[in-house]
Amino acid sequence: LADGVYNVEFTDSNGCVVTAVYSYTKVGLAEATKQGINIYPNPATNVVYIDNNSAEELVINVYNVTGQTVRSAVKSNQKRTEIELNQLKNGVYWLKIEKKEGVFYTKIIKVGNE
């Protein structure tokens, strides 16, 4: 999918139609690093740290493999954010970070202390 603005139309089983406009920017971990975001350690036991060199607002979500949000936070003007993992089961999770320059996704792996 190319970067851009998309009109999306959803039709449910009853024929109801919902239309939405989405702006999509494909940005991964390499681009996040270029934008001053560093995520570590990975794999992690209890905490993942997110360093944000620009200290602008970040919207952070952690999703399990079924797409459920298991952690979320909005952080403003902080150079370092901690995401607690100690209540999560061991496994693979998706970390989504939103900031002005784009949306960044990466996998994080929770290990140990279960």
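A few notes on this one:
- On the principal axes of its alpha carbon atoms, segment 34-114 extends 34, 21, 20 Å, with the longest extent given first.
- Accessible area expressed per residue, segment 65-114, with surrounding protein chains retained (probe 1.4 Å, Å²): 65
- Label point distance in nm, Ile109-Glu56, each placed 7 Å from Cα along Cα→Cβ: 3.2
- Once the chain from Lys89 to Thr66 is taken as fully extended at 0.36 nm per residue, the excess over their C-alpha distance is 6.9 nm.
The values are calculated or read from the model by the stated rules, or taken from the named source; none is laboratory data. Please read these numbers as outputs of a predicted model, since none were measured by experiment. When we count neighbours, we look across all protein chains shown, and the Cβ atoms used for this are built from the backbone with ideal geometry, even at glycine. When the accessible area is computed, the model is the full protein with side chains, heavy atoms only, and any ligands, DNA or RNA have been set aside. Shrake-Rupley method; radii C 1.70, N 1.55, O 1.52, S 1.80 Å.
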